[in-house]
1. Kindly list, by first and then second residue, each pair from a residue in region 113-137 that is over 17 Å from residue 88 (Cβ atoms) to a residue that is aromatic (Phe, Trp, Tyr) and assigned to a loop (DSSP other than H, G, I, E, B), limited to pairs with Cβ atoms under 7 Å and residues at least 6 apart or on different chains.
2. Spot the failing condition for residue 9; the list is (1) farther than 22 Å from residue 188 by Cα; (2) modelled with pLDDT under 95; (3) surrounded by 15 or more Cβ atoms within 10 Å (Cβ to Cβ), and only one is missed.
3. In this structure, is residue 26 within 16 Å of the ligand (Cβ to nearest atom), in contact with a helix residue (DSSP H, G or I) (Cβ under 7 Å, 6 or more places away or on another chain) and open to solvent by less than 70 Å² (accessible area, probe 1.4 Å)?
4. In region 183-197, is there at least one residue being closer than 24 Å to residue 92 by Cβ and over 14 Å from the mean Cα position of the chain (by Cα)?
5. From the set of residues in region 101-111 that are among the β-branched types (Val, Ile, Thr) and without any contact (Cβ under 8 Å) to a residue 24 or more places away in the chain, which is nearest to residue 202 (Cα to Cα)?
6. Report, by residue number, each residue of region 124-163 that is in a helix (DSSP H, G or I) and closer than 15 Å to residue 87 by Cβ.
7. Take the residues in region 2-23 that are hydrophobic (A, V, I, L, M, F, W, C) and near the ligand (Cβ under 6 Å from one of its atoms); name whichever of them is nearest to residue 229 (Cα to Cα).
8. When region 80-125 is examined, which residues are found to be among the polar types (S, T, N, Q), modelled with pLDDT of 90 or more and touching an Asp or Glu at 6+ places or on another chain (Cβ under 8 Å)?
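The values are calculated or read from the model by the stated rules, or taken from the named source; none is laboratory data. Predicted model, so just to flag it, every value in this text is computed and none were measured. Glycine also receives a Cβ, built like all others from the backbone with ideal geometry; neighbour counts cover every protein chain displayed. What goes into the accessible areas is simple: the full protein's heavy atoms, side chains included, and nothing from ligands, DNA or RNA. Shrake-Rupley method; radii C 1.70, N 1.55, O 1.52, S 1.80 Å.
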Amino acid sequence: MAIRVYSCPKRLLNGPCGGALEGACEVDGRHCPWTGLIERVPLEPWMLFEEHPLLAELEGLVESDSVPRSSAFWRKLTRGKAFTVEFPVKVVRSSEDLLRVLRTLEADLVTVPDNPLGYPHFDPVAFATRLKDVGVRAGVMPHVTAKDRNLSALASELRTAQLFGFEAVLLTTGDWPGLSMPSRPVFDLDSPNLLRLARLVFAGVMPPGQRVQVESRPRVAGTMNPHYRPRVEARRTIRKLVAGAEVLFTRWLRGGRASSQSERY
Ligand code: SF4
């Protein structure tokens with residue numbers, strides 16, 4: 001069984017995105033139809049929902065997983081604590097800015113955000129590749145979202161992330177791109193199916209069924225929304241874990257300031 005709600009602007013399958021604010025849709029401000037619906041779905045059968053049909057078919061081609069890439073970030077996380085920093089892309093206007101920021105940056109993992117709220121800056125995978133080229137001391141984790149790219153483009157982004165040695169990728173559904181300007185969204189996939197696609201590509205299976213050689217792979221990260229009611233977020237989280245998320249990043253408010261935290265699975 002699969003559920004699709006046609007009044008959801010992103011036409012998501014089997015659950016809500018992370019963008020509802022106090023039950024209001026991030027796109028049009030109306031009540032998010034998923035919020036009440038998903039709370040009524042019993043927890044156990046939820047794991048048996050049918051996800052994306054092509055990805056389900058491709059999962060039958062996976063022979064074995066590749067080796068997760070060794071990184072200081074993961075070693076420290078398994079010991080209890082790792083330090084991640086979101087790269088301040090807004091301050092970069094030249095190559096000199098990039099090198100200047102890198103000289104001062106202390107972290108186990110540098111994350112490269114996607115276009116928040118649809119405001120364009122750098123392509124995260126291309127930017128993360130550049131960070132690798134200039135010898136960043138930390139691990140690198142680009143954010144990849146489903147809002148701007150169809151399944152084929154996402155597969156090639158993930159293949160790039162695998163080939164160019166990133167330590168992790170953070171996969172989310174993504175904000176509605178038309179919030180900042182008229183721009184057509186894509187949303188071929190939601191975050192759980194994007195996680196599934198990543199595990200396929202990193203295991204050497206490219207859509208629509210080509211096999212590629214893979215020696216090692218990035219860790220696969222998802223996100224949690226601490227503002228959702230537990231019954232909603234539990235269902236979203238289960239789908240992501242079943243899809244193959246190995247670590248989940250979240251945020252919480254402490255003393256009025258946003259902080260972030262990750263949990264390993
Ligand atoms: S908040 Fe997200 S899941 Fe809910 S209706 Fe809007 S786009 Fe759909």
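1. Every condition considered, the pairs that remain are 118/176; 129/164; 132/164.
2. Among (1) farther than 22 Å from residue 188 by Cα; (2) modelled with pLDDT under 95; (3) surrounded by 15 or more Cβ atoms within 10 Å (Cβ to Cβ), residue 9 violates only (1).
3. Judged against the criteria, residue 26 is not a match.
4. yes
5. 101
6. Residues of region 124-163 in a helix (DSSP H, G or I): 124-133, 151-163.
The answer is 124, 125, 126, 127, 128, 129, 130, 131, 132, 133.
7. Keep residues of region 2-23 that are hydrophobic (A, V, I, L, M, F, W, C), which gives 2-3, 5, 8, 12-13, 17, 20-21.
Narrowing the set further to residues that are near the ligand (Cβ under 6 Å from one of its atoms) leaves 8, 12, 17, 20.
Values: 8: 19, 12: 19, 17: 13, 20: 11 Å.
Filtering region 2-23 for residues that are hydrophobic (A, V, I, L, M, F, W, C) and near the ligand (Cβ under 6 Å from one of its atoms), the one nearest to residue 229 (Cα to Cα) comes out as 20.
8. Answer for region 80-125, where residues must be among the polar types (S, T, N, Q), modelled with pLDDT of 90 or more and touching an Asp or Glu at 6+ places or on another chain (Cβ under 8 Å): 84, 111.
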